[in-house]
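Student: Have a look at this one before I ask anything.
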Amino acid sequence: MDKHSTFAGVRGLLAVTLLAVGCSEPAGPERGARPSPELASTAASGIALDQLNGTLNENGTVLVKGFNPTNPHTGDAIIATFFWIGPPDIITSVTDYLTTVPNTPVGNRYTKVAAASANGISMASYVATNVQGFPDGLNDPSGNMILAVKATLSVPVLDGGLMISSWTGVAPTLSQALGASSSASGLGLGATVADPGAISINAGALAYAVTMSNRLVTFSSTPTGFTSLSVQSDGFMKTDGECNCDAEFAVLGDAGTVEPQWTWDFGLVPGTWLASVFALNPAPPPPPPSGDLTVTTTTNGPTTSQGYTVTVDGTNSQPIATNGSVTFTGLAAGDHSVALSGVAVNCAVSEANPQVITVPSGGTATASFTVSCLSANDKMTGGGKLGEGRDFATFGFEAKSTGGQLEWVQHCGKGTNSGSPTCALGNFTFHGTITAGSYSAVSDQPQCRAWSGTGTAKFKDVPSRSGTYTFTVRAACDNGQPGRGTDFIDIAIGGYEDSGYLTGGNIQLHKTK
Amino acid sequence: MTGTRIQLRIARRLSGLLPLAVMCGFTLASTRAEAQTGSVTGRGAAAVVTTTTSAQQFASVGLPSAGGMADSELASVAVPGTLFADGLSSITTGQLDQMLVSTTTTAQAANVSVLRGLITADAVLAVATSYANGVTAISESNGSALVGLVVNGVNYADVPPAPNTHVSLPGVGYVVLNEQIPYGDGAHNTGLTVNMIHVYLTDPVSGTPAGDIVVGMAKSAASL
């Protein structure tokens with residue numbers, strides 16, 4: 001193989017092979033009497049062949065072809081490969097228009113991405129991405145609204161043509177779409193390998209490969225792993241000289257390297273070949289579906305806070321008024337952690353904090369935080385007894401926003417009693433420290449307060465259970481005097497639970513002093 | 001029972017039982033002085049053993065004058081020949097504000113044996129609660145308990161005996177069960193001492209006081 005060599009005096013023969021995976025839609029009939037190209041197969045990835053057409057036996061200073069009878073889809077990428085017998089670099093512009101009368105310019109931008117020329121034959125491939133401005137996918141047998149692609153040449157050619165194809169799933173901008181490219185040419189006798197060179201290719205990208213020879217001969221092999229998109233031969237050019245062209249394509253699942261190779265059977269007469277390969281990258285995956293999250297706060301009671309902070313997923317924070325709302329936009333659909341911070345110690349959040357909120361795709365989720373603030377003087381003290389007979393508990397506590405303490409003594413007359421809800425573990429004493437900020441009002445029960453903390457339990461009958469436990473007073477209620485029979489407490493210490501009205505003692509809620 | 005009677009009782013006890021008197025000494029004088037602006041008092045002890053020469057308090061607590069909470073606990077106590085008990089604890093809580101003063105003290109012990117088994121109880125609990133709102137001042141002992149009580153071989157039901165039940169202990173003295181010592185005017189101040197088992201020891205020869213043993217002592221007082 002002699003790349004970039006010249007072979008003067010031999011007229012061109014165009015042969016184009018497109019290898020495509022996943023393309024099945026046939027090309028429309030040719031404009032005029034030129035033979036239609038053979039069509040290729042289907043692509044299995046995001047890039048797929050949409051429309052295909054081609055023509056040879058053109059001459060003059062214009063090479064043009066429309067997507068008869070069906071337009072591409074808007075957003076497609078269009079590849080236009082021009083073949084001609086003549087010198088290189090004579091294409092002054094590539095444009096498109098609608099086949100109205102008169103023609104209507106469309107204005108998509110075509111950029112040369114690969115070219116080769118040797119011994120009087122030339123080819124060049126142009127790409128336009130994200131094409132717009134034509135009836136999307138219109139099937140128009142009348143041919144009046146068909147998108148056509150045209151190359152204007154600086155000098156007339158005696159024979160030429162083009163192959164146009166449109167592809168869905170290609171990246172919308174050329175900078176994103178265009179991958180590597182390589183072109184080469186050569187001269188040979190007998191079986192001659194046409195090889196444009198190897199290029200790297202990204203996963204899911206389209207490898208478009210095209211070859212052209214100046215003699216109407218056959219292939220003994222086509223690129224391995226590629227699918228033939230179209231083989232065009234030019235009887236006129238054959239008569240006039242000879243032209244063979246072949247285009248092929250492949251869409252690779254994984255990133256790698258491709259090096260398409262054809263074997264032209266030139267026989268005893270030397271032949272010249274041109275070959276190009278280039279890659280078009282797929283459109284980037286769409287961003288994950290997203291939605292919005294609106295967080296609202298409602299604050300009841302006195303607070304010194306000027307506002308709070310809402311944090312989503314631990315990192316995305318916004319300030320929020322004590323009674324206000326903020327919206328987080330563009331969150332990935334799915335579950336998100338939403339936390340409210342900056343709450344004063346005399347205030348408590350009624351809801352779980354943080355909350356887990358599911359943001360719907362394309363929608364808006366809401367999260368609400370209700371902050372209940374107590375007077376700075378608000379506190380509760382109490383002591384007394386729960387239960388009667390041989391199993392009873394005595395307790396005392398002092399609870400306020402800044403903390404406090406709680407003592408709980410469970411007396412079990414018979415020691416452990418698995419049948420007793422309070423004496424399963426027998427006698428114990430518990431001394432707890434109330435966590436600052438846990439002291440809070442109880443919804444709809446203004447005489448009740450709740451709090452939590454940790455402490456140490458000493459079990460008399462089951463010493464092995466002694467240790468540190470969390471505790472929660474779910475409600476302690478001052479319902480008046482005397483507390484006996486009216487005041488109420490509901491407590492959980494580890495797995496121990498007890499609740500009821502006092503059988504002795506009193507609970508006192510102090511709002512002022 | 002009037003405040004005068006309490007003062008007389010304390011004065012009588014001071015002659016031989018000064019330490020106990022001191023321990024019990026939230027005095028009416030101080031209570032009355034504080035009544036002008038409101039005051040709260042709470043004291044408790046799971047057990048107290050007082051002789052002519054010494055006084056011992058077990059799991060005792062005192063409420064801060066500003067209110068709040070105090071607690072004390074003791075796994076067991078052994079005063080040979082006098083008192084054995086376990087699970088001793090006392091808690092006192094209370095607070096005062098402009099509208100109400102309230103306090104509660106609890107004191108308890110389990111598996112009690114006094115004077116080598118002369119008196120035994122499975123559980124002893126004293127509860128004293130007082131509250132005053134400027135118009136009414138009330139104290140009560142509800143919740144107090146004596147469980148499995150046996151005095152000198154006599155079993156008692158698991159309900160508190162009547163307040164101030166007097167039982168003679170020949171050769172020893174006597175015991176007052178569910179002893180309650182209230183005071184106050186019922187309007188602006190109130191107080192209550194609850195001693196669930198109060199043994200008054202007397203000298204078998206001279207008949208003079210020789211000491212006290214108290215199991216389950218809770219005191220509360222409120223004024224406004």
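The values are calculated or read from the model by the stated rules, or taken from the named source; none is laboratory data. Because the structure is a prediction, the values reported are computed rather than measured. All Cβ positions, even for glycine, are placed from backbone atoms using ideal geometry, and neighbour counts span all protein chains on display.
Student: Among B:L224, B:L177, which is crowded, with 21+ Cβ neighbours inside 10 Å and touching a Pro at 6+ places or on another chain (Cβ under 7 Å)?
Tutor: On the way: B:L224 fails: touching a Pro at 6+ places or on another chain (Cβ under 7 Å).
Exactly one residue qualifies, and that residue is B:L177.
Student: Please work out if A:N119 is touching a Phe, Trp or Tyr at 6+ places or on another chain (Cβ under 6 Å) and more than 22 Å from A:L178 (Cβ to Cβ). Talk me through it step by step, then tell me what you get.
Tutor: Numbers: touching a Phe, Trp or Tyr at 6+ places or on another chain (Cβ under 6 Å): yes; more than 22 Å from A:L178 (Cβ to Cβ): yes.
Taking the combined requirement at face value, the residue satisfies it.
Student: Something else now. Of all the residues that make up the range A:171-220, how many are under 14 Å from A:A77 (Cβ atoms) and either basic (K, R) or not in a strand (DSSP E or B) (or both)?
Tutor: Result for the range A:171-220: 9.
Student: Is there any pair with a first residue in the range A:96-110 that is on the phi > 0 side of the Ramachandran plot and a second that is part of a loop (DSSP other than H, G, I, E, B) and surrounded by fewer than 21 Cβ atoms within 10 Å (Cβ to Cβ) whose Cβ atoms are under 7 Å apart and which are 6 or more apart or on different chains, and what are they?
Tutor: A:G107/A:G133
Student: Okay, moving on. I'm told A:V473 meets every condition in (1) among the β-branched types (V, I, T); (2) in contact (Cβ under 8 Å) with a residue 24 or more places away in the chain; (3) over 29 Å from B:T190 (Cβ atoms) except one. Can you identify the failing condition by its number?
Tutor: Unmet for A:V473, out of (1) among the β-branched types (V, I, T); (2) in contact (Cβ under 8 Å) with a residue 24 or more places away in the chain; (3) over 29 Å from B:T190 (Cβ atoms): (3).
Student: Considering the range A:348-369 alone, what residues qualify as being of a type outside the set (S, T, Y), assigned to a loop (DSSP other than H, G, I, E, B) and surrounded by fewer than 19 Cβ atoms within 10 Å (Cβ to Cβ)?
Tutor: Of everything in the range A:348-369, those that are of a type outside the set (S, T, Y), assigned to a loop (DSSP other than H, G, I, E, B) and surrounded by fewer than 19 Cβ atoms within 10 Å (Cβ to Cβ) turn out to be A:E351, A:A352, A:N353, A:P360, A:G362, A:G363.
Student: Answer yes if at least one residue in the range A:372-384 is under 42 Å from the mean Cα position of the chain (by Cα), crowded, with 24+ Cβ neighbours inside 10 Å and either outside the structural domain of A:R449 (by TED's automatic domain parsing) or part of a strand (DSSP E or B) (or both), and no otherwise.
Tutor: no
Student: Okay, next question. (1) in a strand (DSSP E or B); (2) more than 29 Å from B:V101 (Cα to Cα); (3) in contact (Cβ under 8 Å) with a residue 40 or more places away in the chain: which one isn't true of A:D461, the others all being true?
Tutor: All conditions pass for A:D461, except number (1).
Student: Is it the case that some residue within the range B:171-182 is under 18 Å from B:A132 (Cα atoms), under 12 Å from the mean Cα position of the chain (by Cα) and among the polar types (S, T, N, Q)? Can you show your working first?
Tutor: Keep residues of the range B:171-182 that are under 18 Å from B:A132 (Cα atoms), which gives B:181-182.
Cutting the leftovers down to under 12 Å from the mean Cα position of the chain (by Cα) gives us B:181-182.
Within this subset, residues satisfying the condition of being among the polar types (S, T, N, Q) are none.
For the range B:171-182, residues under 18 Å from B:A132 (Cα atoms), under 12 Å from the mean Cα position of the chain (by Cα) and among the polar types (S, T, N, Q): absent.
Student: May I ask you to list the residues in the range A:408-449 that are in a strand (DSSP E or B), loosely packed, with under 15 Cβ neighbours inside 10 Å and within 14 Å of chain B (Cβ to nearest Cβ)?
Tutor: Going residue by residue through the range A:408-449, those that are in a strand (DSSP E or B) are A:408-412, A:428-434, A:440-442, A:445-449.
Checking the rest, the ones that are also loosely packed, with under 15 Cβ neighbours inside 10 Å come to A:433, A:445-446.
Within the range A:408-449, A:T433 is the sole residue that qualifies.
Student: So which strands (runs of 3 or more DSSP E) stay within the range B:55-161 end to end and still have 2 or more residues that are over 14 Å from B:A45 (Cβ atoms), of a type in the set (S, T, N, Q) and at the interface with chain A (Cβ under 10 Å from one of its Cβ atoms)? If you could, list the steps in order and put the result at the bottom.
Tutor: Values: elements: B:55-62, B:68-79, B:83-96, B:101-114, B:119-132, B:137-140, B:145-147.
Ranges flagged: B:83-96, B:101-114, B:119-132.
Student: Can we say A:Y439 is of a type in the set (F, W, Y), modelled with pLDDT under 95, more than 18 Å from B:T106 (Cβ to Cβ) and in the same structural domain as A:Y501 (by TED's automatic domain parsing)? It would help to see each step written out before you state the result.
Tutor: On the way: of a type in the set (F, W, Y): yes; modelled with pLDDT under 95: yes; more than 18 Å from B:T106 (Cβ to Cβ): yes; in the same structural domain as A:Y501 (by TED's automatic domain parsing): yes.
The answer is yes for A:Y439.
Student: To continue, here is another question. Can you name the condition, by its number, that A:S337 falls short on among (1) part of a strand (DSSP E or B); (2) touching a residue at least 40 places away in the same chain (Cβ under 8 Å); (3) closer than 21 Å to A:Y308 by Cα?
Tutor: Failed condition: (2).
Student: Identify the residue in the range A:467-513 that is small (G, A, S) and under 49 Å from the mean Cα position of the chain (by Cα) and, among all such residues, is farthest from the other protein chains (Cβ to nearest Cβ). Full working, then the answer.
Tutor: We begin by selecting, within the range A:467-513, every residue small (G, A, S); these are A:467, A:475-476, A:480, A:483, A:485, A:492, A:494-495, A:499-500, A:504-505.
The next check asks that each one be under 49 Å from the mean Cα position of the chain (by Cα); those that pass are A:475, A:492, A:494-495.
Values: A:A475: 17, A:A492: 19, A:G494: 18, A:G495: 21 Å.
Taking the candidates together, the pick is A:G495.
Student: Same structure, new question: From the list A:T416, A:T470, A:T402, A:T456, which residue is closer than 19 Å to B:I91 by Cβ and of a type in the set (S, T, Y)?
Tutor: Working: A:T416 fails: closer than 19 Å to B:I91 by Cβ; A:T470 fails: closer than 19 Å to B:I91 by Cβ; A:T402 fails: closer than 19 Å to B:I91 by Cβ.
Exactly one of A:T416, A:T470, A:T402, A:T456 is closer than 19 Å to B:I91 by Cβ and of a type in the set (S, T, Y), namely A:T456.
Student: Which residue out of A:V345, A:V310, A:V295, A:V326 is assigned to a loop (DSSP other than H, G, I, E, B) and surrounded by 15 or more Cβ atoms within 10 Å (Cβ to Cβ)? Spell out the reasoning first.
Tutor: Numbers: A:V310 fails: assigned to a loop (DSSP other than H, G, I, E, B); A:V295 fails: assigned to a loop (DSSP other than H, G, I, E, B); A:V326 fails: assigned to a loop (DSSP other than H, G, I, E, B).
None of the others qualify; the one that does is A:V345.
Student: Those residues that are more than 16 Å from the chain's Cα centre (by Cα) and away from every other protein chain (no Cβ under 14 Å), I need them from the range B:33-54; list them, please.
Tutor: Narrowing the range B:33-54 to residues more than 16 Å from the chain's Cα centre (by Cα): B:33-40, B:51-54.
Hits for the range B:33-54 are B:A33, B:E34, B:A35, B:Q36, B:T51, B:T52, B:T53, B:S54.
Student: For residues that are β-branched (V, I, T) and not in a loop (DSSP other than H, G, I, E, B), scanning just the range A:476-513, find the one that is farthest from B:S220 (Cα to Cα). Reasoning before the result, please.
Tutor: Restricting attention to the range A:476-513, the residues satisfying the condition of being β-branched (V, I, T) are A:486, A:489, A:491, A:493, A:503, A:507, A:512.
Narrowing the set further to residues that are not in a loop (DSSP other than H, G, I, E, B) leaves A:489, A:491, A:493, A:507.
Numbers: A:I489: 21, A:I491: 25, A:I493: 28, A:I507: 14 Å.
Among residues in the range A:476-513 that are β-branched (V, I, T) and not in a loop (DSSP other than H, G, I, E, B), the one farthest from B:S220 (Cα to Cα) is A:I493.
Student: Filter the strands (runs of 3 or more DSSP E) completely within the range A:42-136 down to those with at least 3 residues that are touching a strand residue (DSSP E or B) at 6+ places or on another chain (Cβ under 8 Å), at pLDDT below 95 and surrounded by fewer than 23 Cβ atoms within 10 Å (Cβ to Cβ). Reasoning before the result, please.
Tutor: Values: elements: A:48-66, A:77-85, A:91-98, A:111-118, A:121-128.
Ranges flagged: A:48-66.
Student: Within the range B:162-174, can you find the residues that are buried (at least 17 other Cβ atoms within 10 Å of the Cβ) and either of a type in the set (K, R) or in a loop (DSSP other than H, G, I, E, B) (or both)? It would help to see each step written out before you state the result.
Tutor: In the first step, residues of the range B:162-174 are kept if they are buried (at least 17 other Cβ atoms within 10 Å of the Cβ); the result is B:169, B:172-173.
Selection gives B:V172 alone.
Student: Within the range A:467-493, can you find the residues that are more than 19 Å from A:A441 (Cβ to Cβ) and surrounded by fewer than 15 Cβ atoms within 10 Å (Cβ to Cβ)?
Tutor: Passing the criteria: A:G467, A:T468, A:T470, A:G485.
Student: Please verify whether B:G211 is more than 19 Å from the chain's Cα centre (by Cα) and surrounded by fewer than 24 Cβ atoms within 10 Å (Cβ to Cβ), treating the condition exactly as stated.
Tutor: Spelling it out, it is not the case that B:G211 is more than 19 Å from the chain's Cα centre (by Cα) and surrounded by fewer than 24 Cβ atoms within 10 Å (Cβ to Cβ).
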